[in-house]
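Beneath this line is the structure, given in structure tokens, with notes to follow.
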Amino acid sequence: MLNSGKCPPQFVFEMMAAQATREFLEGQESAEDIVARIAASFTELYDTEGLESDMIRSMERILVFIESVEVSDIDLMLLSYIWFQINYEDLVNKRNKKPLFGGLLKGRPKQSDRVYLTAKNFKTYAFALGNGKVALKPDDWDMTAEVEFEPVLKALYPDAFTKTEEE
């Protein structure tokens, strides 16, 4: 394992939690089954100890927030948040997808407050989106073209990459 003992970077964890929330809202699987499947798909990239429980707690916080506000298209907002995490470090700074030192997706020590940070960052994004400070994902965004994030996106969306490989 490339990142033995290292957890996903915070922004990757937030992408995982947002995708798990999207899938839970579809209602096809239980939250536990969804996070177990997502965590299992990341075992080759990161140490996944404690990942499932943290993702469940993050989903709960995201869902409590979503319930407290009026959103017309929750799925679009969550997918846009994933797009935002890929492209921006914060509300104004674009992500350097080719860092000079170290890998963008290199594992890091687990942050003890990653559940809190996920909810806080999602709320910040949602309010900025509502105030027109950030954009929704572009209609023509193709996740399979995100070369730097391919390992993460393949783990989150295996069907999208399988279709691309077949074509």
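The values are calculated or read from the model by the stated rules, or taken from the named source; none is laboratory data. None of the values given here were measured: they were computed from a predicted structure. Methodologically, a virtual Cβ is constructed for each residue, glycine included, from the backbone with ideal geometry; neighbour enumeration extends over all protein chains shown.
Quick check: anything in region 104-127 hydrophobic (A, V, I, L, M, F, W, C), under 22 Å from Glu44 (Cα atoms) and in a loop (DSSP other than H, G, I, E, B)? Yes: region 104-127 contains one or more residues that are hydrophobic (A, V, I, L, M, F, W, C), under 22 Å from Glu44 (Cα atoms) and in a loop (DSSP other than H, G, I, E, B).
In this structure, Lys94 does satisfy being loosely packed, with under 11 Cβ neighbours inside 10 Å and in contact with a helix residue (DSSP H, G or I) (Cβ under 9 Å, 6 or more places away or on another chain). Scanning region 128-167 for residues that are of a type in the set (Asp, Glu), outside any helix (DSSP H, G or I) and under 15 Å from Ile86 (Cβ atoms) yields Asp140, Asp142, Glu146. Applying the criterion of being within 13 Å of Leu51 (Cα to Cα) and among the acidic types (Asp, Glu) to the residues of region 13-32, the residue that is farthest from the chain's Cα centre (by Cα) is Glu32. I need the full set of residues from region 22-31 which are under 20 Å from Phe65 (Cα atoms) and either touching a Pro at 6+ places or on another chain (Cβ under 9 Å) or surrounded by 13 or more Cβ atoms within 10 Å (Cβ to Cβ) (or both), in order please. Scanning region 22-31 gives Arg22, Glu23, Phe24, Leu25, Ala31. For region 98-115, a residue qualifies if it is under 16 Å from Pro8 (Cβ atoms) and in contact (Cβ under 8 Å) with a residue 12 or more places away in the chain, and the qualifying residues are Leu104, Leu105, Lys106, Gly107, Arg108, Pro109, Lys110, Gln111, Arg114, Val115. Name every residue in region 13-48 that is of a type outside the set (Ser, Thr, Tyr) and touching a Gly at 6+ places or on another chain (Cβ under 9 Å), in order of residue number. Scanning region 13-48 gives Leu45, Asp47. The set of residues in region 148-167 that are surrounded by fewer than 13 Cβ atoms within 10 Å (Cβ to Cβ) and either among the acidic types (Asp, Glu) or at pLDDT 90 or above (or both) comprises Asp159, Glu165, Glu166, Glu167. Of the numbered criteria (1) more than 17 Å from Phe42 (Cβ to Cβ); (2) surrounded by 13 or more Cβ atoms within 10 Å (Cβ to Cβ), the one Asn131 fails is (2). Here region 117-128 is the region considered, the condition is being among the polar types (S, T, N, Q) and in contact with a helix residue (DSSP H, G or I) (Cβ under 7 Å, 6 or more places away or on another chain), and the residue that is surrounded by the fewest Cβ atoms within 10 Å (Cβ to Cβ) is Asn121.
Return a yes/no flag: does region 76-96 have any residue that is over 13 Å from the mean Cα position of the chain (by Cα), among the charged types (D, E, K, R) and at pLDDT 95 or above. No: zero hits.
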